[in-house]
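Below you'll find the structure, written out as structure tokens, and then a few comments.
The values are calculated or read from the model by the stated rules, or taken from the named source; none is laboratory data. What you see is a predicted model; the values in this text were computed from it and never measured. So basically every Cβ, Gly included, is an ideal-geometry build from the backbone, and we count neighbours across all protein chains shown.
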Amino acid sequence: MNKMKKYIIISIVALSSLFSAQAQVSKSVTYPASLEINQAKSVWFNTTNAAGMIITPVDNFNLLTVGYSNENGEYKLQQDGDSKNNLSISTEGATNLGEARIWGKFQYNNSTINGTKFNTIMLDPVADMPYYIADPNKSYWKKQSYDMELKAATPVLWDVVGFGIAAKYYTKTGAKQIDPRCSSFKYGISATPSVIVKIGENHTIGLSATYENSFERTTPINSDSQHDQDAYVMKGLGNYSVGVVGGLGGLSIFYYKQNLVGGAIQYGYHSDFDVLAEGNYSYQVIDVFQTPSKPKRMGSTVQTKMGGNIQAIFNGDYTSKVTVDGYYKNTNGIEFIQELDKTYEVQQWVTMAKFIRSYYKFTAASLNYDLFKVSEQGYDWRAGLKATYSDRSDEYILPKSTLAAKNVYAELNGKKNFMVGNSSVLLGVNVGYNYNIDGGYDYTGANPTSTVVKEMFERDIAFLTANYIQAGINVNASFPVSKSSALYVQGDCQYIRSNDHTNNLVGMTDADGSNFRWETISSILQTPSQRIFATVSVGFTF
Amino acid sequence: MKKYITLFILLLTLVSCEQFKEVTDVPVVANISASVSVTSNAVASDVPRPDTYTVKFINYDDNYEVAKTTDANGKVSVADIIPGIYTVTVTGDIAYKGFTYYYSGSIVNEKITTSGNNFTIDVNASKAGDLIIKEIYYNGSTGYYFKDQFYEIYNNGEEVQYVDGLCIGTLLPLTATTATYNWEVPDGMPENYVYFGVIWQAPGSGTDYPVLPGESVIIAQLAHNHTAADKNPLSPVDLSGAEFETFIKNQTVNADNPNAINMEHRFGTVYGTQWLATVFGAAYCIFFPDGEIDPNTYVQPTGKTDKSKNIPIDLIVDGVELVNNATKITYKRMPTTLDAGATFTGGTYNGKSVSRRIKETLSDGRVIYWDTNNSTDDFQVNDAAMVRRNGAGIPSWNTWAK
């Protein structure tokens with residue numbers, strides 16, 4: 001890991017130096033508003049096709065940012081923390097490399113998540129990965145991550161064809177800090193080679209292919225070896241088998257192996273206005289095992305994802321952009337029936353049968369409209385409209401359990417760029433409302449009164465099906481410190497409040513303090529649940 | 001360098017192809033059917049049979065259980081089985097001439113993944129009234145204290161029992177494990193034995209130590225008051241009144257309780273200065289041997305150096321399988337005819353014990369405990385171990401118990 005850190009630091013220095021050296025040709029300050037509109041106009045940059053970056057290039061820029069964020073409040077999934085603090089350092093830039101274009105980004109995160117439950121081992125718990133260890137103890141996690149991304153595009157060769165590649169690499173470490181605890185690490189790498197073909201002056205078609213691989217390994221342990229900790233080996237939608245962390249024969253190392261292949265096609269029209277359409281498809285398999293020295297399959301997920309988006313941008317003094325995005329993904333949860341082959345000197349788990357036991361389906365669509373009043377420093381103001389639709393529909397087949405949540409969210413947002421001398425103060429506000437159309441959780445498994453069902457899934461469904469209002473304010477003050485560089489300070493605060501009954505349970509105990517349990521409050525006026533997200537960051541553009 | 005990168009990419013592609021192949025054409029799970037035919041060939045013909053039996057299909061992985069009753073011919077079918085690994089248990093009982101006969105049989109770790117399987121399960125009968133292992137305290141207590149382990153043997157029947165010559169021991173492997181133990185026995189029929197790692201035997205001429213119905217004897221690792229300040233005040237038990245102790249001779253670390261009768265160490269290696277049975281859950285059996293136990297003869301599993309005394313299953317009076325936790329129930333060491341299930345406290349050094357559940361309390365206050373040869377059903381977990389729980393009687397010859 002030390003070696004890895006060394007390489008990462010060298011990469012950051014090299015990346016910054018490269019961009020900095022190239023940036024000497026740029027003589028103007030990069031204002032935040034110009035960065036935003038620049039990236040909005042770079043329609044190919046927002047696709048998986050890096051080669052297209054040469055058609056609608058991002059202007060040269062370099063950023064170095066240090067940020068701190070905090071979020072807290074009870075409006076959350078149970079696996080999320082009551083509060084979360086994150087320190088981040090990131091650098092990002094785009095420049096020419098000869099006639100080619102290159103863009104890169106690096107980010108380091110160091111976070112502490114307090115008050116998490118029902119996740120003993122996973123660095124990034126997600127709804128469509130049902131195979132993990134959970135425990136009911138309130139705990140906190142410490143995590144670190146290093147993320148690197150790169151996109152490069154050749155010039156258009158012979159005025160016809162261009163090539164590109166996008167690559168990502170990340171490594172994460174983390175540890176749960178209360179028994180049963182764990183230490184986990186994860187790495188991931190992806191490569192997306194791409195090609196574009198120009199047809200005449202206005203038309204471009206593109207093709208990209210993606211390969212992604214990741215590996216996560218996590219070791220459940222106890223600090224107090226005298227007390228084994230009960231745990232749940234999760235299978236989906238509240239179904240689980242019992243397990244124990246600690247002692248002889250307790251749960252062992254879990255590891256996740258992921259491979260993904262995908263592809264996308266693009267079509268772009270570039271004239272007075274730009275239109276770009278992309279359709280994409282990916283196929284992913286994640287295998288979950290326990291005990292590397294005698295691997296036992298804990299489950300697999302197979303995910304197919306297909307989607308598409310259209311971006312249209314109309315340039316002028318008033319530049320407007322419309323983005324329509326949609327995707328559908330289906331994840332099959334596969335469980336294996338395994339038997340230990342006890343043949344002397346063989347001793348391995350043999351798969352006797354396997355079945356699809358659960359489905360996790362998710363559909364999402366969004367519409368974004370942004371209008372910019374263009375100015376020399378990017379824009380004078382912008383106004384936006386956002387609408388999203390999401391539909392989650394999960395099913396555990398036998399014994400049948402279902403979880404569904406269908407929501408629409410609409411938001412208005414706007415920003416005004418105040419120029420004070422050479423300094424820019426970009427002030428933005430947003431307000432939105434989420435309306436739950438439908439949803440619910442129906443469990444008919446073996447443990448209807450279990451902690452997992454009552455305290456995790458029944459609470460999570462309340463969160464997932466709640467109506468809420470979201471409002472936020474953000475400000476970015478940018479002060480030029482030389483001809484080509486500026487110091488900026490940025491703050492963002494978002495407030496989410498739900499008046500639904502997301503916390504209509506209260507912890508109760510017997511008179512002697514034993515038998516802690518949750519009971520429903522039916523008659524008391526509900527306290528609204530809320531969550532606040534706040535971020536401050538300082539940085540340089542150069 | 002380019003060569004290595006190309007090779008690396010090729011390797012990843014191959015690995016992903018293999019991974020993708022594993023998950024193609026996987027069927028969607030659906031309910032399947034199975035049937036059971038119960039036979040009782042091993043039971044003497046003059047012993048009455050129950051009219052029906054209760055058949056349970058238990059899938060420990062899914063925590064899923066289906067229970068049905070057989071027809072008069074001992075047959076039953078179920079149609080709502082989820083594919084998986086099952087333990088199928090058969091139980092039944094019948095009262096006859098003042099005694100209750102318990103029938104039990106089972107198959108374990110049976111793969112049921114397709115419809116139409118028929119299983120024939122032969123049940124055995126046992127007459128209530130034998131000595132039973134009533135309580136086992138093996139966990140130890142806070143502070144890594146394990147000298148307070150004890151075993152309670154109870155007379156669950158109607159007639160006086162004598163514990164003279166009674167043996168208690170733990171089976172190999174020591175803990176429930178996935179490791180393979182293929183025993184090599186002279187008659188080539190390893191399924192007819194259980195394999196002891198350690199055996200202790202009570203002394204006596206045959207009638208020295210009677211135990212009346214409702215009475216019990218305590219076999220302590222060390223017959224001390226373990227709650228005393230110089231022992232472990234956090235221990236739940238005072239064992240100074242125990243009838244027997246497994247005292248190790250020729251050592252001075254642990255004092256001998258002159259009241260308690262010392263058990264004789266008959267077989268196996270006991271390390272240290274006391275008989276420490278694993279706190280992670282051993283498999284215990286009690287039996288009366290059909291002769292002297294020769295410590296110099298033993299059997300071994302293929303490829304291993306463990307030494308074991310093989311005792312015929314027919315001699316076993318009672319057995320209880322203890323495992324670390326629920327995940328280990330399927331790694332049984334004990335034949336299902338002795339114990340079709342397993343029990344556990346789920347931790348170590350927590351002062352907890354396992355004890356039999358009460359079946360009924362007679363008008364004279366005597367308690368009858370469940371003994372269906374399935375410790376999953378028969379036993380309960382207690383937050384604190386207790387000597388002679390539920391008012392078990394003390395044998396008259398024990399004059400030192402308070």
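Do you know which residues across region B:105-122 are within 18 Å of the chain's Cα centre (by Cα) and surrounded by 20 or more Cβ atoms within 10 Å (Cβ to Cβ)? The answer is B:GLY105, B:SER106.
In the set (1) over 26 Å from B:THR207 (Cβ atoms); (2) out of contact with any strand residue (DSSP E or B) (no Cβ under 9 Å at 6 or more places or on another chain), B:THR376 fails one condition alone, (2). On inspection, A:THR343 fails the criterion of being in contact with a Pro (Cβ under 9 Å, 6 or more places away or on another chain), modelled with pLDDT under 95 and within 14 Å of chain B (Cβ to nearest Cβ). Of the residues in region A:340-362, at least one is among the charged types (D, E, K, R) and under 30 Å from A:THR323 (Cβ atoms).
Each row is one residue, and each column tells you yes or no for (1) β-branched (Val, Ile, Thr); (2) crowded, with 23+ Cβ neighbours inside 10 Å.
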residue	(1), (2)
B:TYR151	no, yes
B:GLY165	no, no
B:ALA179	no, no
B:ASP187	no, no
B:ASP208	no, no
B:PRO213	no, no
B:VAL217	yes, yes
B:ALA223	no, yes
B:ALA228	no, no
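Within region A:220-255, can you find the residues that are within 27 Å of A:TYR396 (Cα to Cα) and either among the small types (Gly, Ala, Ser) or not in a strand (DSSP E or B) (or both)? Result: A:ALA231, A:GLY236, A:LEU237, A:GLY238, A:SER241, A:GLY243, A:GLY250, A:LEU251, A:SER252, A:ILE253.
In region B:186-238, the residue that is nearest to B:PRO295 (Cα to Cα) out of those that are of a type in the set (S, T, N, Q) and not in a loop (DSSP other than H, G, I, E, B) is B:GLN201.
Just one of the listed residues (A:VAL452, A:VAL420, A:VAL431) is surrounded by fewer than 16 Cβ atoms within 10 Å (Cβ to Cβ), hydrophobic (A, V, I, L, M, F, W, C) and farther than 23 Å from A:GLN494 by Cβ, and it is A:VAL420. Checked against (1) of a type in the set (Lys, Arg); (2) in a loop (DSSP other than H, G, I, E, B); (3) more than 16 Å from the chain's Cα centre (by Cα), A:ARG101 passes all but condition (2).
All of (1) more than 30 Å from B:GLU184 (Cα to Cα); (2) away from chain A (no Cβ under 14 Å); (3) under 19 Å from the mean Cα position of the chain (by Cα) hold for B:GLY393 with one exception: (3). Among the numbered criteria (1) over 29 Å from B:GLY391 (Cβ atoms); (2) not in a strand (DSSP E or B), which single criterion is violated by B:ILE311? Among (1) over 29 Å from B:GLY391 (Cβ atoms); (2) not in a strand (DSSP E or B), B:ILE311 violates only (2). Would a scan of region B:129-140 turn up a residue that is of a type in the set (Lys, Arg) and surrounded by 19 or more Cβ atoms within 10 Å (Cβ to Cβ)? Yes.
In region B:295-328, the qualifying residues are those that are among the β-branched types (Val, Ile, Thr) and within 10 Å of another protein chain (Cβ to nearest Cβ), and the one that is surrounded by the most Cβ atoms within 10 Å (Cβ to Cβ) is B:VAL323.
Of the set (1) away from every other protein chain (no Cβ under 14 Å); (2) crowded, with 22+ Cβ neighbours inside 10 Å, all apply to B:VAL47 but (2). If I filter region A:375-413 down to residues being part of a strand (DSSP E or B) and within 14 Å of chain B (Cβ to nearest Cβ), which single residue comes out as surrounded by the fewest Cβ atoms within 10 Å (Cβ to Cβ)? The qualifying residue surrounded by the fewest Cβ atoms within 10 Å (Cβ to Cβ) is A:GLU395.
Of the residues screened, B:VAL237 is one that is crowded, with 20+ Cβ neighbours inside 10 Å and among the hydrophobic types (A, V, I, L, M, F, W, C). Of A:PHE355, A:PHE362, which residue is of a type in the set (A, V, I, L, M, F, W, C), out of contact with any Gly (no Cβ under 7 Å at 6 or more places or on another chain) and more than 14 Å from chain B (Cβ to nearest Cβ)? None of the other options fit; the residue is A:PHE362. Do we find a residue being touching a residue at least 12 places away in the same chain (Cβ under 8 Å) and more than 13 Å from the chain's Cα centre (by Cα) anywhere in region B:329-336? The answer is no, given that none of the residues of region B:329-336 is touching a residue at least 12 places away in the same chain (Cβ under 8 Å) and more than 13 Å from the chain's Cα centre (by Cα). I need the full set of residues from region B:46-69 which are part of a loop (DSSP other than H, G, I, E, B) and under 18 Å from B:ALA125 (Cα atoms), in order please. Residues satisfying the conditions are B:ASP46, B:VAL47, B:PRO48, B:ARG49, B:PRO50, B:ASP51, B:THR52, B:TYR53. Residue check: B:VAL323 meets all listed conditions (1) at pLDDT below 95; (2) over 17 Å from the mean Cα position of the chain (by Cα) but one, namely (2). The combined condition, being β-branched (Val, Ile, Thr), buried (at least 16 other Cβ atoms within 10 Å of the Cβ), farther than 30 Å from A:ASP59 by Cβ and touching a Pro at 6+ places or on another chain (Cβ under 9 Å), is not fulfilled by A:ILE113. Scanning region A:322-339 for residues that are within 14 Å of another protein chain (Cβ to nearest Cβ) and of a type in the set (A, V, I, L, M, F, W, C), we see that the one that is farthest from B:ASN59 (Cα to Cα) is A:ILE334.
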